[in-house]
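A quick write-up on the structure given underneath.
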Amino acid sequence: MSSPAAPAEIRAVKRPGDRIFSGSALIAGSLILATLAAVAAFLVIQSVPAFTTPSDQLSILRGNDLGSYVAPLIFGTLWSAALALIMAVPLAVGIALFISHYAPRKLAQGLGYVIDLLAAVPSVVYGLWGGIALAPFVQPLYAWLAENLGWLPLFAPPASGTGRTILTAAIVLAVMILPVITAICREVFLQTPVLHEEAALALGATRFEMVRMAVFPFARAGIVSGAMLGLGRALGETMAVAMVLSASGGITANLISSSNPSTIAANIALSFPEAYGTNVNVLIATGLILFAITLVVNTIARVIVNRRKDFSGAN
């Protein structure tokens, strides 16, 4: 007895609109990859003279080799971005949680609009605010920290007389990345399944316990994604840091000193107008290093997010 024939596979008929949409999405994704590859190729090609030219022929290095020139810039970039992230993430998570689960609806809507508007403020405005208003305001605090906590390496005296320190630049960066992290965390918190929240409350959990047991585990990957997006902006911020930070070079972890390491992006912005010849290639080489740092940070973030993808709607 012959076995019954397998049913024929039914293929969905693609409409013209579906073909256009899928083709447009494919082209857009390919353009992103092509643009990224073109930028990487440009940076690599233009950076070659910086690595092959003797150091004594590059006036921008000021007598140092390329490694000694780039090391303080890498440290300043990572140090300022890390400080900004430490300050911004807890505050952003708290604001997002207040908007999504605690605030009355009208207040939550108004506060959400205000937070979103902060993302539209140009970085030059943040730089002006940081240099003119914030730096003089925090300078007495730095003097107090140097006097009372000077035994800590982070607050070793003497304190800066202008307040234009790496900590001030980090505060400005924290304010700049705050709206990005807050917006992502807020949306992820709102995606938490209502049944999970109601089940926790039905079992006798308080509002905070419900948030800790139901909301945070679900939103963990989204919080990491928001933090990494904020970190990416902090790593590449240029004008705000250049206008606030009084950089003198060197590697130091002192937060309130007048001796501060610069960042890669700020150094490029300040040095590029006067650069010429192979010195321009040196600045492009530092840009290549910043490009590589950003790629590594984003790759690490994706690995962390993918480990929690079963619990997050952010993917």
- Which one is surrounded by the most Cβ atoms within 10 Å (Cβ to Cβ), of the residues in the stretch 255-295 that are touching a residue at least 24 places away in the same chain (Cβ under 8 Å) and hydroxyl-bearing (Ser, Thr, Tyr)? Thr263
- Query: When you scan the stretch 33-139 for helices (runs of 4 or more DSSP H) that lie fully inside it, which ones turn up with 1 or more residues that are among the charged types (D, E, K, R) and at pLDDT below 85?
  - Reply: 105-118
- Item | Candidates Leu235, Leu154, filtered to the one that is hydrophobic (A, V, I, L, M, F, W, C) and touching a helix residue (DSSP H, G or I) at 6+ places or on another chain (Cβ under 8 Å) | Leu235
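Can you name the residue in the stretch 71-95 that is β-branched (Val, Ile, Thr) and buried (at least 20 other Cβ atoms within 10 Å of the Cβ) and is also farthest from the chain's Cα centre (by Cα) among such residues? Quick ask: steps written out before the conclusion?
Here is the first cut: in the stretch 71-95, the ones β-branched (Val, Ile, Thr) are 74, 77, 86, 89, 93, 95.
The next check asks that each one be buried (at least 20 other Cβ atoms within 10 Å of the Cβ); those that pass are 77, 89, 93, 95.
On the way: Thr77: 11, Val89: 11, Val93: 15, Ile95: 18 Å.
Here the answer is Ile95.
Could you tell me whether any residue of the stretch 264-279 is within 23 Å of Leu145 (Cβ to Cβ) and of a type in the set (Ser, Thr, Tyr)?
Taking the stretch 264-279 and keeping what is within 23 Å of Leu145 (Cβ to Cβ), we get none.
No: zero hits.
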- Mind listing whichever residues of the stretch 35-57 are of a type outside the set (Val, Ile, Thr), farther than 12 Å from Val282 by Cα and within 29 Å of the chain's Cα centre (by Cα)? Leu36, Ala37, Ala38, Ala40, Ala41, Phe42
- Query: For Ser100, which of the numbered conditions (1) under 20 Å from the mean Cα position of the chain (by Cα); (2) under 25 Å from Val224 (Cβ atoms); (3) not hydrophobic (A, V, I, L, M, F, W, C) fails to hold?
  - Reply: (1)
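How many of the residues in the stretch 177-187 are surrounded by 24 or more Cβ atoms within 10 Å (Cβ to Cβ) and either in contact with a Phe, Trp or Tyr (Cβ under 9 Å, 6 or more places away or on another chain) or at pLDDT 90 or above (or both)? Let's see the steps before the verdict.
Narrowing the stretch 177-187 to residues surrounded by 24 or more Cβ atoms within 10 Å (Cβ to Cβ): 177, 181-182, 185-186.
Then keep just the ones that are either in contact with a Phe, Trp or Tyr (Cβ under 9 Å, 6 or more places away or on another chain) or at pLDDT 90 or above (or both); that gives 177, 181-182.
Residues that pass the stated criteria total 3.
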- The residue from Ser225, Ser262 that alone is among the hydroxyl-bearing types (Ser, Thr, Tyr), under 21 Å from Ala82 (Cβ atoms) and part of a loop (DSSP other than H, G, I, E, B) is Ser262
- Message: Can you list residue pairs whose Cβ atoms sit under 7 Å apart, with the first residue in the stretch 296-308 being within 10 Å of Val224 (Cβ to Cβ) and the second being modelled with pLDDT of 75 or more and hydroxyl-bearing (Ser, Thr, Tyr)? Count only pairs 6 or more apart in sequence or on different chains.
- Response: Ala301/Ser225; Val305/Ser225
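Scan the stretch 180-210 residue by residue and report those that are in contact (Cβ under 8 Å) with a residue 12 or more places away in the chain and aliphatic (A, V, I, L, M).
Going through the stretch 180-210, the residues in contact (Cβ under 8 Å) with a residue 12 or more places away in the chain turn out to be 180-193, 196-197, 199-200, 207, 210.
Of everything in the stretch 180-210, those that are in contact (Cβ under 8 Å) with a residue 12 or more places away in the chain and aliphatic (A, V, I, L, M) turn out to be Val180, Ile181, Ala183, Ile184, Val188, Leu190, Ala199, Ala200, Met210.
What do you reckon, is Phe155 buried (at least 16 other Cβ atoms within 10 Å of the Cβ) and either more than 21 Å from the chain's Cα centre (by Cα) or among the charged types (D, E, K, R) (or both)? Working first, answer last.
Details: buried (at least 16 other Cβ atoms within 10 Å of the Cβ): yes; either more than 21 Å from the chain's Cα centre (by Cα) or among the charged types (D, E, K, R) (or both): yes.
Yes; evaluated as a whole, the condition is true for this residue.
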- Task: Only residues that are modelled with pLDDT of 90 or more and aromatic (Phe, Trp, Tyr): list them for the stretch 140-176, please.
- Result: Tyr142, Trp144
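The values are calculated or read from the model by the stated rules, or taken from the named source; none is laboratory data. Note that the structure is predicted; figures quoted are calculated from it, not measured. All Cβ positions, even for glycine, are placed from backbone atoms using ideal geometry, and neighbour counts span all protein chains on display.
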